[in-house]
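Read the structure below first, then the notes.
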Amino acid sequence: EPEVTQTPSHQVTQMGQEVILRCVPISNHLYFYWYRQILGQKVEFLVSFYNNEISEKSEIFDDQFSVERPDGSNFTLKIRSTKLEDSAMYFCASSSELLGNTIYFGEGSWLTVV
Amino acid sequence: SQQGEEDPQALSIQEGENATMNCSYKTSINNLQWYRQNSGRGLVHLILIRSNEREKHSGRLRVTLDTSKKSSSLLITASRAADTASYFCATDAGTYKYIFGTGTRLKVLA
């Protein structure tokens with residue numbers, strides 16, 4: 001069964017450093033998402049992406065965050081200058097159509113900012 | 001406002017029993033999805049139910065949707081220890097996103 005893959009599975013970074021989290025969505029999917037989950041808390045929407053541009057973003061997704069689809073397969077989340085409070089599990093997801101379809105999630109990337 | 005809140009927050013049952021989790025939401029929706037998350041792992045999709053559907057089944061899972069009450073329930077029948085996980089509902093809250101609830105932590109005791 002096709003799946004969303006994410007790398008790295010775990011990254012530790014110094015506060016202030018830039019981090020890039022990578023995702024390979026399911027191949028025929030057109031809509032891409034990033035969510036995050038701070039330890040023990042709910043899953044929070046960050047951003048959705050379609051047709052090479054951001055469709056919607058939350059208030060969490062401020063100027064330190066950016067997303068990119070650099071080629072036909074990868075979808076990346078960049079955090080420019082990490083803060084301690086950015087420590088969380090970051091989930092990439094994709095769907096083949098807009099809301100009426102299932103959103104498939106990857107296993108996540110644990111980010112620890114020290 | 002909170003879009004999607006599950007109750008109970010935590011549920012502990014014996015293997016073989018049924019587990020029922022509820023999700024309430026505040027605004028109109030087109031679809032509602034249920035997900036399972038094992039500790040520290042990704043979100044596994046269970047069922048999507050559309051606003052014009054009232055009930056869906058998948059194996060031991062039964063999901064109901066009552067749009068008049070803005071609520072949904074997930075029933076797991078004949079639970080197993082492997083069902084131990086957190087369960088989340090997610091509702092569409094805009095054109096391009098789903099919003100997750102706070103989740104129910106289910107523990108099935110062998």
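Residue-wise test of (1) surrounded by fewer than 18 Cβ atoms within 10 Å (Cβ to Cβ); (2) under 21 Å from A:VAL4 (Cα atoms).
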site: B:ASN38; (1), (2): yes, yes
site: B:ARG62; (1), (2): yes, no
site: B:SER68; (1), (2): yes, no
site: B:ALA85; (1), (2): no, yes
Worksheet, complete the sentence: Taking the stretch B:41-57 and keeping residues within 14 Å of chain A (Cβ to nearest Cβ), at pLDDT 95 or above and over 13 Å from the mean Cα position of the chain (by Cα) leaves B:GLU53
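Can you tell me which of B:THR102, B:THR91 is of a type in the set (Val, Ile, Thr), part of a strand (DSSP E or B) and under 14 Å from the mean Cα position of the chain (by Cα)? Please lay out each step first, then the result.
Details: B:THR102 fails: part of a strand (DSSP E or B).
Testing whether each residue is of a type in the set (Val, Ile, Thr), part of a strand (DSSP E or B) and under 14 Å from the mean Cα position of the chain (by Cα) leaves just B:THR91.
When the residues of the stretch B:65-109 are narrowed to those that are of a type in the set (S, T, N, Q) and free of Cβ contacts under 8 Å to residues at least 12 places away in the same chain, which ends up farthest from the other protein chains (Cβ to nearest Cβ)? Talk me through it step by step, then tell me what you get.
So the first thing to find is which residues in the stretch B:65-109 are of a type in the set (S, T, N, Q), and the list is B:67-68, B:71-73, B:77, B:79, B:84, B:86, B:91, B:95, B:102, B:104.
Going one step further and asking which of them are free of Cβ contacts under 8 Å to residues at least 12 places away in the same chain, we end up with B:68, B:95.
Working: B:SER68: 21, B:THR95: 7 Å.
Only one residue fits best here, namely B:SER68.
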Fill in: Long-range neighbours under 7 Å by Cβ, at least six apart or interchain, first residue under 17 Å from B:THR95 (Cβ atoms) and surrounded by fewer than 13 Cβ atoms within 10 Å (Cβ to Cβ) within the stretch B:10-36, second basic (Lys, Arg) and modelled with pLDDT under 95
none
Worksheet entry | Scan of the stretch A:95-114 for residues that are surrounded by 13 or more Cβ atoms within 10 Å (Cβ to Cβ), farther than 11 Å from A:ARG36 by Cβ and either within 11 Å of chain B (Cβ to nearest Cβ) or modelled with pLDDT under 95 (or both), ordered by number | A:SER95, A:SER96, A:LEU98, A:LEU99, A:ASN101, A:THR102, A:ILE103, A:TYR104, A:PHE105, A:GLY106, A:GLU107
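Test A:TYR31 against the criterion of being over 21 Å from B:THR91 (Cβ atoms), surrounded by 15 or more Cβ atoms within 10 Å (Cβ to Cβ), within 14 Å of chain B (Cβ to nearest Cβ) and among the hydroxyl-bearing types (Ser, Thr, Tyr), and give yes or no.
Details: over 21 Å from B:THR91 (Cβ atoms): no; surrounded by 15 or more Cβ atoms within 10 Å (Cβ to Cβ): yes; within 14 Å of chain B (Cβ to nearest Cβ): yes; among the hydroxyl-bearing types (Ser, Thr, Tyr): yes.
Here the answer is no, as A:TYR31 does not meet what is asked.
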Item to complete: Quick one: count up the residues across the stretch A:36-70 that are in a strand (DSSP E or B) and at the interface with chain B (Cβ under 10 Å from one of its Cβ atoms).
Response: 13
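Regarding A:SER73, is this residue part of a strand (DSSP E or B) and among the small types (Gly, Ala, Ser)? So that I can check it myself, show each step before the final result.
Details: part of a strand (DSSP E or B): no; among the small types (Gly, Ala, Ser): yes.
It is false that A:SER73 is part of a strand (DSSP E or B) and among the small types (Gly, Ala, Ser).
The values are calculated or read from the model by the stated rules, or taken from the named source; none is laboratory data. Quick caveat: nothing in here was measured; it's all calculated off a predicted structure. Methodologically, a virtual Cβ is constructed for each residue, glycine included, from the backbone with ideal geometry; neighbour enumeration extends over all protein chains shown.
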